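Participant: Quick one: the structure is below, questions incoming.
Throughout, read-outs are computed from the coordinates displayed, never taken from laboratory work. What you see is a predicted model, and the numbers here were worked out from it, not measured in a lab. Here the Cβ is made from the backbone with ideal geometry for all residues, glycine too, and neighbour counts use every protein chain on show.
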Amino acid sequence: RTLQVDLGERSYPIYIGGGLLSEAGEYFERHQLAKKSPVLIVTDDNVGPLYLSKVETSLQDAGYHTVSKVVKAGEKSKSLEVFEEIMTVAIQSGLDRHSVVVALGGGVVGDLAGFVAASYMRGVKFVQMPTTILAHDSSVGGKVAVNHRLAKNMIGAFHQPEMVLYDVDSLQTLPIRDVRSGLSEMIKHGLIWDKEFTDWCREHTEKLLALDPETLGYGLTQGCRVKAQVVSTDELEHGLRAILNLGHTIGHALEATGGYGQFLHGEAISIGMAAAARIAVNRGRDRSLYSDTKELLEGFGLPTTLPVEMNEDDIIAAMMHDKKFKENQIIFVLPVVIGEVEIVSDVTLTDVRRVIRELKEEG
Ligand code: NAD
Ligand code: ZN
């Protein structure tokens, strides 16, 4: 399957299928990526042992010179320190303006390596090789970043890849918690844009969780398609693109509050999506909006309530550092019905405190 992300000169294809990592060399040649300059592959210490040699072998067989940097797995690697370590490798290995940086891994490696690609010599080419379900979201759209201790994704850039090479075979080794976390973003793509796709996700809960290749391939393609459509309309997030942030206002705050360790990204935004639905209901939408959303997420084993011990003030403080907080207003994406959202700026801190308490009581 091939999908095109339409962004004028920066358009690029997403290839989705089995066995693609072993064909990396051919895809590089097809895209006429330079052979004289070293290719830097960034991966983490879970993905590296499983898939790095496949990619290296394929690229080397095609005549590419590769160097690789393996970072520690986990959100904590999305930091300026690790960013600098990779830069050191890039400089020492003689990467030049024609070099390609490859992100082989999930969203963490994608965001981190992407920010390296955006910054090294003011920008070199970038190829995404996603190995998580969640990365159907993170590998599309060109947002790359590292975290600051105080706030998620605070230091970053827009940098579109040359291509996305999505080898769905690699997903078979994903831990179940990461499977659920990734499906959370897939569900989000349904909730913001497509009632039918949301229903499909609900009907295929078991098959998706069991990583059935056919079902997963379809779900990922649909998820990427929604993301690509939204991003094509609004690459730099002047308007529409903000709908992708459903669940992220509270979600990002939960990730930062937990010290980037307590919740996986998809878990945090699952709670965030439940919270958004609850706020919408508190503001007058139909009650079923909240109960349907909650039931859907819980069907996937995702969290929708808040641990009682989580400090309300900490969550609020983290939210106020977020990019979505401007001029004393919080930008919220709220569901209208399943498959449709609205962007509002009149949700108050009182509303947020109320929903935090409600989600704690539900827990
Ligand atoms: P991740 O990259 O940490 O991967 C999750 C875990 O799975 C890690 O431990 C990783 O080592 C392991 N793993 C990855 N692939 C594997 C495989 N095939 N087999 C076995 N283990 C594997 O996290 P993620 O959930 O993919 O991504 C989350 C990140 O993505 C967050 O930092 C989030 O902010 C970011 N994100 C970015 C965007 C964007 O538009 N740039 C969008 C959504 C999320
Ligand atoms: Zn997200």
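Participant: Quick one: go through region 149-171 and flag any residue whose amide nitrogen is under 16 Å from the point 7 Å out along the Cα-to-Cβ line of E81.
Facilitator: What the label zone holds, given the 16 Å backbone N cut-off, is 149-151.
Participant: Okay, moving on. Straight-line reach from K294: which lysines fall under 22 Å, measuring Cα to Cα and dropping same-chain residues less than 8 apart?
Facilitator: Candidates past the 8-residue exclusion: K188, K195, K207, K360.
Participant: Then there is this: Which FRET efficiency, nearest 0.05, do S22 and R354 yield, Cβ-Cβ r, R0 56 Å?
Facilitator: Calculated value: 0.60.
Participant: Can you tell me the convex hull volume per residue for the chain, based on C-alpha atoms, in Å³ to the nearest whole number?
Facilitator: 119 Å³
Participant: Where in region 258-319 are there GluC sites (Glu not before Pro) that are in a DSSP coil and have at most 10 other Cβ atoms within 10 angstrom of their Cβ?
Facilitator: Sparse-neighbourhood loop GluC sites (Glu not before Pro): E309.
Participant: Still on this structure, I have one more. Points 7 angstrom from Cα along the Cβ direction at I176 and S291: gap in nanometres?
Facilitator: Result for the modelled spin labels: 2.9 nm.
Participant: Give me the distance between the Cα centres of region 224-286 and region 37-106, rounded to whole Å.
Facilitator: 29 Å
Participant: Please list 233-240, 59-66 highest first by mean number of surrounding beta-carbon atoms within 10 Å per residue. Provide the component values of the computation, followed by the final result.
Facilitator: Numbers: 233-240: 13.0, 59-66: 16.4.
Order by mean packing, descending: 59-66, 233-240.
Participant: If you don't mind, another one. Could you give the size of the charge dipole of region 176-362 about its Cα centre, using +1 on the Cβ of each K and R and -1 on the Cβ of each D and E, expressed in debye and rounded to the nearest 20?
Facilitator: 180 debye
Participant: Evaluate E = 1/(1 + (r/R0)^6) for D313 and K36, where r is the Cβ-Cβ distance and R0 equals 41 Å; express this FRET efficiency to the nearest 0.05.
Facilitator: The pair D313/K36 has a calculated efficiency of 0.15.
Participant: A 18 angstrom limit on the alpha carbon distance is what I want to check against. Which of K152/K227; K36/K78; K36/K125; K69/K227 exceed it?
Facilitator: Over 18 Å apart, Cα to Cα: K152/K227; K36/K78; K69/K227.
Participant: Still on this model: Distance in nm between label sites at E214 and R149, each 7 Å beyond Cα in the beta-carbon direction?
Facilitator: The two pseudo-label positions are separated by 5.2 nm.
Participant: How much of the DSSP beta bridge set in region 2-173 is antiparallel, as a percent to the nearest 5?
Facilitator: 30 percent
Participant: So for the pair Q329, L236, with labels modelled 7 Å out along Cα→Cβ, what separation do we get in nm?
Facilitator: For Q329 paired with L236, the spin-label model returns 2.1 nm.
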